[in-house]
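Student: Take this structure first; my questions come after.
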């Protein structure tokens, strides 16, 4: 897939980009509780994997917000056409490896491809991204915890690849199945309004899977 260099002379966020790149800690994280009632009560009984459904919804959210597909390399800013999802995959012999899954707007096709690639990753080496790619989003599922906030280990202040985590699915006191999800981003590229739009699209995708 192609990438496009952003013309910063015409970019509305040029001033914010220049400002937040000077910060020692330019990342911020937002956690939201999502409604997964449809997923658990309707789709899971039909055989839909909640894990792969969440991967799909995350991919839909990322691809719906242009800023989440942007990366910077020193002074150059690019926008990718497509972002692969890189998630931690439990290995069959213990520990974990990293999987790499392309997004597809069809849930059926995404589910088929992601299932095979995740299975392959579970049998392979660690395979971390060594910096040769930035057309990724890093994902981590934490099914052991119904958490309220989280942040990630960052190698340096210029790492601009978004991190997404999600936790245990639980039934709230109102009787609705919910799940915490966190999006962590670099403020030089992403503002609060973009994070809000991401979560709206994720919720829409979760509600619409095989609807």
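Each reported figure results from applying straightforward, stated rules to the coordinates on display, with no laboratory input. A quick note: this is a predicted structure, and the numbers were derived from the prediction, not measured. Cβ: placed from backbone, ideal geometry, glycine included. Neighbour counts: every protein chain shown.
Student: Return the single residue from 147, 198, 98 with maximal mean-square fluctuation; model: Gaussian network over the chain, springs between Cα atoms under 10 Å.
Tutor: For the chain, modelled as a Gaussian network with Cα springs under 10 Å, the answer is 147.
Student: Place the peptides 89-95, 53-59, 138-144, 23-29 in order of packing, highest mean first, counting for every residue the other Cβ atoms within 10 Å and averaging per peptide.
Tutor: Highest to lowest by the protection proxy: 53-59, 138-144, 23-29, 89-95.
Student: Can you give me the angle between helix 107-121 and the longest principal axis of the chain, using Cα atoms only, in degrees from 0 to 90, rounded to the nearest 10?
Tutor: Rounded to the nearest ten degrees, it is 90.
Student: What is the packing order of peptides 187-196, 162-171, 125-134, taking the mean over residues of other C-beta atoms within 10 Å and listing the highest first?
Tutor: 162-171, 187-196, 125-134
Student: At 0.36 nm per residue, minus the direct Cα-Cα distance, what do residue 132 and residue 151 gain on full extension? Give it in nm, one decimal, please.
Tutor: Fully extending the segment from residue 132 to residue 151 adds 4.5 nm.
Student: Please find, in a Gaussian network model of the chain (springs between Cα atoms separated by less than 10 Å), the residue of 34, 136, 145 whose mean-square fluctuation is greatest.
Tutor: 145
Student: Using the number of other C-beta atoms within 10 angstrom as an exposure proxy, rank 176, 62, 6 with the fewest first.
Tutor: Fewest to most other Cβ atoms nearby, the residues stand as 176, 6, 62.
Student: At what distance in nm do the modelled label points of residue 170 and residue 25 sit from each other, each positioned 7 Å from its Cα along Cα→Cβ?
Tutor: Simple spin-label model gives 2.6 nm for this pair.
Student: A further question follows. Looking at the chain, send over the antiparallel percent of its DSSP beta bridges, to the nearest 5.
Tutor: 75 percent
Student: Sticking with this one: With a 10 Å cut-off between alpha carbons and a GNM built on the chain, which of 135, 18, 159 moves the most?
Tutor: Result for the chain, Cα springs under 10 Å: 18 fluctuates most.
Student: Oh, and also: Using only alpha carbon pairs under 8 Å that are at least six residues apart, calculate the relative contact order of the chain and give it in whole percent.
Tutor: 32 percent
Student: For the chain, just the Cα atoms, rotate onto the principal axes and tell me the three extents in Å, largest first.
Tutor: 52, 41, 30
Student: Angle check, please: helix 50-64 long axis (alpha carbons) against the longest principal axis of the chain (alpha carbons), in degrees 0 to 90, nearest 10.
Tutor: Helix 50-64 sits at roughly 30 degrees to that axis.
Student: Quick one: grab the alpha carbon gyration tensor of region 43-96, order the square roots of its eigenvalues as a ≥ b ≥ c, and give me rounded if a/c is under 1.5, else prolate or oblate depending on whether a/b is larger than b/c.
Tutor: Oblate, since a/c reaches 1.5 and b/c is not below a/b.
Student: Between residue 73 and residue 33, what is the label-point separation in nm under the 7 Å Cα-to-beta-carbon projection?
Tutor: Roughly 4.3 nm, to one decimal.
Student: Further question on the same structure: So, by mean Cβ neighbours within 10 angstrom, what's the order for 72-78, 37-43 with the highest one leading?
Tutor: Averaged packing, sorted descending, gives the order 37-43, 72-78.
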